[in-house]
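Read through the structure below, which is laid out as structure tokens, and then see the notes.
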Amino acid sequence: MTTTDIHRTIEAVWRIESAKLIAALARMVHDVGLAEELAQDALVAALERWPETGVPDNPAAWLMTTAKRRAIDRLRRSKLQWSKHAEIARELEEQQDMAASGLDDKLDDDIGDDLLRLVFTACHPVLPREARVALTLRLLGGLSTDEIARAFLVPEPTMAQRIVRAKRTLSDKQVPFEVPRGDDRFERLASVLEVIYLVFNEGYAATAGDDWLRPGLCDEALRLGRILAGLMPREPEVHGLLALMELQASRSRARVGPNGEPVLLSDQNRARWDQLLIRRGLAALEQASKLGGARGPYALQAAIAACHARAASVETTDWPRIVALYDTLAETMPSPVVELNRAVAVSMASGPAAGLAAVDALAGERALQHYHLLPSVRGELLHKLDRRAEARIEFERAAGMTRNARERELLLAKARDCA
């Protein structure tokens, strides 16, 4: 195996195992920032040694052992209580006595708990939303600071500072490395789900930049959602969110044209929709319903996505059911954006005039004043009503609001078509 091949192997192992490694170390040292440093030290050691010694039979166990040794050295240098590093030393000795095949059953059992603690710690409400997203991608996604910065179109030093501040805040606030209980657990879970969905949405419809989609972010969010569903199998909204992401991701290949241009739902080739993701999404939605979560916000949005997934065309879609689902969603999670989406469904179920009336009722909503989809939707409905001059104004206004270059080109093209 060449040095290049070994480096690729190390990169793949790191992407798969880093979250488990950091989670296990965080449980030991009670500091997420220090845990990541120790894991990175083990990665550097692998980059130095494996090209000479070859890739070990169990790379994950090698990294864990190396990181724990670094942890003991760090704790001794920091002059912490001997009882603490004696405890870690005992864990290390137990691991060294394991069978050559790798980690023992007890350590395997701990991994799920440690990952869950890491999820809840990275998404702690004490951190700003942007910091939660960055730290989650860093610790659980295994992404480099540069990768995260490029995904969210900010300079790498800015993203690095964001991540450093997040880890420092967790340490300064002495946020415990634990899964909360009772009401606190429910509130924190909402933060976790929000972060994962924010990552997915940024990949599914990028808010800025030159690309309409960022598939890497969708993939990371799906991976995190699947991990969370495995760690919390009795939580209906976890399955609801996973269902929503699977169903939306199933359309990804059909959402862009050959030159990267956006393709809207009505123009998509449904033969390009991923049937495996649709089946997975429908199964997750059914699981959410079985657990009593059919009226959860994510499950309701997944049910709407399921209506599209089951339909052979826009014309055969069950639009009255979608309107009814949006009505329920508006009761569960009141939002002007939900009302705007409902207006689109109303236009498909009852005609563009009814949809336009629903859109115009939202004109005074402050939350939508700088939301480009409000004039965009209004332009579509005016165009269908053959009020082309008004539609052109709305499309141009929407184009001036969006920060995504691909979306701006699409809206300007629509404006030209109205001329």
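Checking each residue of segment 222-229 against the condition of being basic (Lys, Arg), assigned to a helix (DSSP H, G or I) and touching a residue at least 60 places away in the same chain (Cβ under 8 Å) gives at least one match. The condition of being free of Cβ contacts under 8 Å to residues at least 40 places away in the same chain, within 30 Å of Pro176 (Cα to Cα) and small (Gly, Ala, Ser) does not hold for Ala26. A residue that is over 27 Å from Ser191 (Cβ atoms), crowded, with 20+ Cβ neighbours inside 10 Å and not acidic (Asp, Glu) can be found somewhere in segment 303-311. From the list Glu380, Glu394, the one residue that fits, being closer than 28 Å to Thr316 by Cβ, buried (at least 21 other Cβ atoms within 10 Å of the Cβ), at pLDDT 95 or above and among the acidic types (Asp, Glu), is Glu380. Taken as a whole, the structure leaves Ser191 outside the set of residues that are out of contact with any strand residue (DSSP E or B) (no Cβ under 6 Å at 6 or more places or on another chain), under 22 Å from Met28 (Cα atoms) and in contact (Cβ under 8 Å) with a residue 60 or more places away in the chain. Taking each residue of segment 52-63 that is farther than 14 Å from Glu11 by Cα and looking for partners that are not in a loop (DSSP other than H, G, I, E, B) with beta-carbon atoms closer than 6 Å, six or more apart or interchain, yields Pro56/Trp62. Every condition in (1) modelled with pLDDT under 95; (2) exposed (fewer than 15 other Cβ atoms within 10 Å of the Cβ) is met by Lys290 except one, and the failing one is (1). Take segment 230-275 and flag every residue that is surrounded by 19 or more Cβ atoms within 10 Å (Cβ to Cβ) and among the small types (Gly, Ala, Ser). The answer is Gly240, Ala243, Ala249, Ser250. Here the helices (runs of 4 or more DSSP H) wholly within segment 275-378 that include at least 2 residues being of a type in the set (A, V, I, L, M) and more than 27 Å from Leu242 (Cβ to Cβ) are 336-350, 352-360.
Given the structure, is Val314 touching a residue at least 12 places away in the same chain (Cβ under 8 Å), hydrophobic (A, V, I, L, M, F, W, C), in contact with a Phe, Trp or Tyr (Cβ under 9 Å, 6 or more places away or on another chain) and more than 30 Å from Gly230 (Cα to Cα)? Here the answer is no, as Val314 does not meet what is asked.
The values are calculated or read from the model by the stated rules, or taken from the named source; none is laboratory data. Computed from a predicted model, the values in this text were never measured in an experiment. Here Cβ is always computed from backbone atoms with ideal geometry, including for glycine, and neighbour counts include all displayed protein chains.
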